[in-house]
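Please read the structure below before turning to the comments.
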Amino acid sequence: SQQGEEDPQALSIQEGENATMNCSYKTSINNLQWYRQNSGRGLVHLILIRSNEREKHSGRLRVTLDTSKKSSSLLITASRAADTASYFCATDAGAGNQFYFGTGTSLTVIP
Amino acid sequence: DTGVSQNPRHKITKRGQNVTFRCDPISEHNRLYWYRQTLGQGPEFLTYFQNEAQLEKSRLLSDRFSAERPKGSFSTLEIQRTEQGDSAMYLCASSLSRGQGGYGYTFGSGTRLTVV
């Protein structure tokens, strides 16, 4: 079963705009991660945020985590055509050793 | 080290045949994971190794599936008597132990299996 659910399922924006995608999960977590996947390829780790952190930045990426609402958001600023991909959140369900992935948000950045 | 390597990239097999995939993780990573991903879905956990020990298996991993990681290095995933429902991308990932700060996974490019 998949713990995380991303919203929206699909997002289309113009190059230069910001893209925001959300992730909701069901049980308490230690860490939450965001990954990017280009079509037909493996996943690339973007950022990890721990349960005691509220916000994290990496380049044009900003991730927030609200453990009271069991939700996270990924903001990509000044989007580029190369950001076109699917984005997944992944959560570790408590004591588990594996991460559970959501169904992803498909982002299209129009040049 | 060039990351996580998976072979083959693509595999087409007839229903009922056995297939084996290989994953070479990043050498210093002691954890290795197998996931399966179907079109439009996120990866689903199959199994996990710490060094050579297989510590967790998903209920998705039927008795037709077996995974090994001899000597804690590369891993193989074998599917016996393949079925059309086994068609998917099989992803391997490796990581350092959680105790070292909860690192993210490094994924390979996957093996795409098509059962005809």
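The values are calculated or read from the model by the stated rules, or taken from the named source; none is laboratory data. Because the structure is predicted, anything quoted here is derived from the model rather than measured. Positions of Cβ are backbone-derived with ideal geometry, glycine not excepted, and every protein chain shown enters the neighbour counts. Just the protein is used for accessible areas: all its heavy atoms, side chains included, with ligands, DNA and RNA removed. Shrake-Rupley method; radii C 1.70, N 1.55, O 1.52, S 1.80 Å.
Taking residues in region A:1-25 that are within 16 Å of A:Asp92 (Cβ to Cβ) and among the small types (Gly, Ala, Ser), and partners anywhere that are modelled with pLDDT of 95 or more and exposed (fewer than 15 other Cβ atoms within 10 Å of the Cβ), not one pair has Cβ atoms closer than 7 Å while being at least 6 places apart or on different chains. When the test is whether a residue is part of a loop (DSSP other than H, G, I, E, B), free of Cβ contacts under 8 Å to residues at least 12 places away in the same chain and out of contact with any helix residue (DSSP H, G or I) (no Cβ under 6 Å at 6 or more places or on another chain), B:Gly40 passes it.
One residue stands out among those in region A:1-19 that are modelled with pLDDT of 90 or more and part of a strand (DSSP E or B): the one that is surrounded by the most Cβ atoms within 10 Å (Cβ to Cβ), which is A:Ala19.
Scan region B:57-70 and give yes if some residue there is facing another protein chain (nearest Cβ under 9 Å) and either under 15 Å from B:Pro25 (Cβ atoms) or not in a loop (DSSP other than H, G, I, E, B) (or both), otherwise no. Checking region B:57-70: not a single residue is facing another protein chain (nearest Cβ under 9 Å) and either under 15 Å from B:Pro25 (Cβ atoms) or not in a loop (DSSP other than H, G, I, E, B) (or both).
Hey, could you check region A:15-43 for residues that are of a type in the set (Phe, Trp, Tyr) and within 10 Å of chain B (Cβ to nearest Cβ) and say which is nearest to B:Gly3 (Cα to Cα)?
A:Tyr35
Among the candidates B:Gly16, B:Gly40, the residue that is more than 13 Å from chain A (Cβ to nearest Cβ), open to solvent by 20 Å² or more (accessible area, probe 1.4 Å) and more than 27 Å from B:Thr2 (Cβ to Cβ) is uniquely B:Gly16. In summary, strands (runs of 3 or more DSSP E) completely within region A:53-111 and bearing 3 or more residues that are in contact with a strand residue (DSSP E or B) (Cβ under 9 Å, 6 or more places away or on another chain) and at the interface with chain B (Cβ under 10 Å from one of its Cβ atoms) occur at A:85-93, A:99-101. Scanning region A:34-45 for residues that are part of a strand (DSSP E or B), touching a residue at least 40 places away in the same chain (Cβ under 8 Å) and either within 25 Å of B:Arg9 (Cβ to Cβ) or of a type in the set (D, E, K, R) (or both) yields A:Tyr35, A:Arg36, A:Gln37, A:Leu43.
Buried (at least 21 other Cβ atoms within 10 Å of the Cβ) and touching a Ser or Thr at 6+ places or on another chain (Cβ under 7 Å), is that true of A:Ile47?
For A:Ile47, the condition - buried (at least 21 other Cβ atoms within 10 Å of the Cβ) and touching a Ser or Thr at 6+ places or on another chain (Cβ under 7 Å) - is not met.
Considering only region B:43-75, state which residues are among the aliphatic types (A, V, I, L, M) and open to solvent by less than 30 Å² (accessible area, probe 1.4 Å). Matches in region B:43-75: B:Leu46, B:Leu61, B:Ala67. Tell me yes or no: at least one residue of region A:20-34 is open to solvent by 70 Å² or more (accessible area, probe 1.4 Å) and modelled with pLDDT under 95. Yes: one or more hits. If you check B:Ala53, B:Ala67, B:Ala93 for being among the hydrophobic types (A, V, I, L, M, F, W, C), farther than 26 Å from A:Gly104 by Cα and under 10 Å from the mean Cα position of the chain (by Cα), only one passes: B:Ala67.
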